[in-house]
Amino acid sequence: MEILVMAGQLILGLSILVGLHELGHLLAAKAFGMRVEQYFIGFPPKVFSIKRGETEYGIGAIPLGGFVKISGMIDESLDTAHTDTEPKPYEFRAKPAWQRLIVMLGGIIVNVLVGIMIFVILAYKNGNTYLAAKDAKYGIVAYDLAKSIGLKTGDKIVKVNGKPITDFNEIRSSDVFLGNNSSYTVDRNGKLIDIYIPNNFVDKLADKKAAGQFIEPIEPFKVAELVPGQPAGKAGLKAGDVITSINGTPIQFYHEFTDIVKPLKGKPLTLGINRSGQPVTLSMTTTPEGTIGFYPEFLLPITKQEYTFGEALSVGTQKAFQVVFDNIKGFGKIFRGEVSASKALSGPIGIAQNLFGGIWVWDRFWTVTGLLSMALAFMNALPIPALDGGHVTILSYEIISGRKPSDRFLEGAQRVGMVILLGLMAFAIFNDVFKAVF
């Protein structure tokens, strides 16, 4: 079922974004009097289509893209039948270069506007819920990756890159992992210490084995909900219980609980409980995975910040463009060899697994869709032939130089671009399968 949910979210998200992207091209083309022959969401074979006026609107069976076919344009279809005839007034090639440039930018502009709109609406609707740095008063849990750069459990991170922090999540921001020469300043037993983060550290974070195992706040907790049929519920643990000891060892924080219980796979244990001020003792046997079956409620105070629409407009726009800046930083690290492409790049399988997840949560769906919209705008803007950015580069050259490249050159560029894109797609899908299996 989780696989179906992941696939459903991916297909819906991509269909929305691709449909709107191609609509940007279509509307711009029609605005300048160009004939649009086809508008399709998905790639052939064709599932359904309907013709309205001069345009065939349809859905393809492969939901990983889409296309608009504009008369007189050399595009990914590599249709060059028109090149031996004089340009007709309604053809792409007959229009001024500045109009053709706007048509090619249409999809990118729409993706940017959609990404901004999604983040603005989410900011206005949900505000910002976060753990204030001052409220993480017990410090951090340092997992193996954190220990490898010198952090210790109990450290209190007070600065990131020399600047005081207000939101605990600033510790795990893209400015830290995608920047250069980043550092933490920690309070360790009253002494300030600078911890430097290697420039290639994000490569280690991207490793599947390290997922979620870097830094967490030290959190007191209580039992929020029991998992039916699991040892905790069968033994009598109740929502609201506070676990105070395990096998006689006092505990206060959730990481202490997991550190003790996880190694006890399939073994008996005794919990000391505070139940509404009364001590209770419960005995049970852990599962083979080293769990007892409950969801924790963390007790550190959470700060909720509401936004006016004007504030949401600013915050949402900033979040949207942060995606673009992060992509630029990420590619920079790949080109410098600080991050391996196999860990950094994901195809459709990786996106479905790592971003959408197996449970359909609308806020998360729209957040990921917003991220993808900005990422698609960035990727399409790259100056690679067959992408919008490739067309924009050639058209910009034509406008500046006053010389239009030959149809033969445009056809060759499209062929090279298609080879590059197909190679990248094959690499991304193979990489997804490899990471999922191994």
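The values are calculated or read from the model by the stated rules, or taken from the named source; none is laboratory data. The structure displayed is predicted, hence computed values, not measured ones. Cβ atoms come from the backbone with ideal geometry, glycine included; neighbour counts cover every protein chain shown. For the accessible areas, the whole protein counts, side chains as well, though only heavy atoms, and no ligand, DNA or RNA atoms are used. Shrake-Rupley method; radii C 1.70, N 1.55, O 1.52, S 1.80 Å.
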Estimated distance in nm for a label pair at L424 and S396, the labels positioned 7 Å out from Cα along Cα-to-Cβ: 1.6 nm
The chain, relative contact order [Cα under 8 Å, separation at least 6], %: 19 percent
Residues whose placed amide H lies under 5 Å from that of S340, excluding near-sequence neighbours: none
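Taking all protein chains in place and a 1.4 Å probe, what share, in percent, of the accessible surface of the chain do carbon and sulfur account for?
Numbers: 14170 of 22880 Å².
Accessible surface attributable to carbon and sulfur in the chain totals 62 percent.
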Helix 407-437 vs. the chain, principal-axis angle (Cα, 0 to 90°, nearest 10): 20 degrees
Förster radius 41 Å - calculated FRET efficiency between V361 and S276 (Cβ-Cβ, nearest 0.05): 0.80
Stokes-Einstein diffusion coefficient of the chain, Kirkwood radius over Cα pairs, 25 °C, 0.890 mPa s, in µm²/s: 96 µm²/s
Degrees separating the helix 2-31 axis from the principal Cα axis of the chain, which is the longest one: 30 degrees
Distance between modelled label sites at E297 and S283, nm, 7 Å Cα→Cβ extension: 3.0 nm
Straight-distance crosslink candidates among lysines, where the alpha carbon sits under 22 Å from K30 and sequence neighbours closer than 8 are dropped: K51, K69, K88, K95
Derived scalar couplings ³J(HN,Hα) [the range 292-302; Karplus, 6.51 cos²θ - 1.76 cosθ + 1.60; whole Hz; x for Gly, Pro]: 10, x, 8, 9, x, 10, 7, 10, 5, x, 9
Assigned charges on the beta-carbon of Lys, Arg, Asp, Glu; the chain dipole about Cα centre (debye): 520 debye
Ranked order, R188, R35 - accessible area, probe 1.4 Å, largest first: R35, R188
Listed residues A94, A142, A381, most fluctuating in the chain (Gaussian network, C-alpha, under 10 Å): A94
Area of S396 that stays accessible when all protein chains are in place (1.4 Å probe, Å², to 10): 40 Å²
Heavy-atom accessible area ranking, 1.4 Å probe, most first, across K163, K156: K163, K156
Degrees separating the helix 309-335 axis from the principal Cα axis of the chain, which is the longest one: 80 degrees
Note, ³J(HN,Hα) from phi for the range 183-194, Karplus 6.51, -1.76, 1.60, rounded to Hz, x at Gly and Pro: 8, 10, 10, 10, 9, 10, 6, x, 10, 7, 10, 8
Cut-off under 5 Å, modelled amide H: who pairs with Q38 long-range: E56, K69
Distance between the range 223-270 and the range 1-45 - C-alpha centres, whole angstrom: 49 Å
Chain lengthening between N247 and A235 when straightened (0.36 nm per residue, less Cα-Cα): 2.8 nm
The chain: most fluctuating residue of K159, K46, K329 per GNM, C-alpha cutoff 10 Å: K46
Base-10 log of normalised Debye intensity for the range 117-251 (one unit scatterer per alpha-carbon) at q = 0.12, 0.14, 0.15 Å⁻¹: -0.65, -0.83, -0.91
Residue-normalised accessible area of the chain, expressed per residue, 1.4 Å probe, Å²: 52 Å²
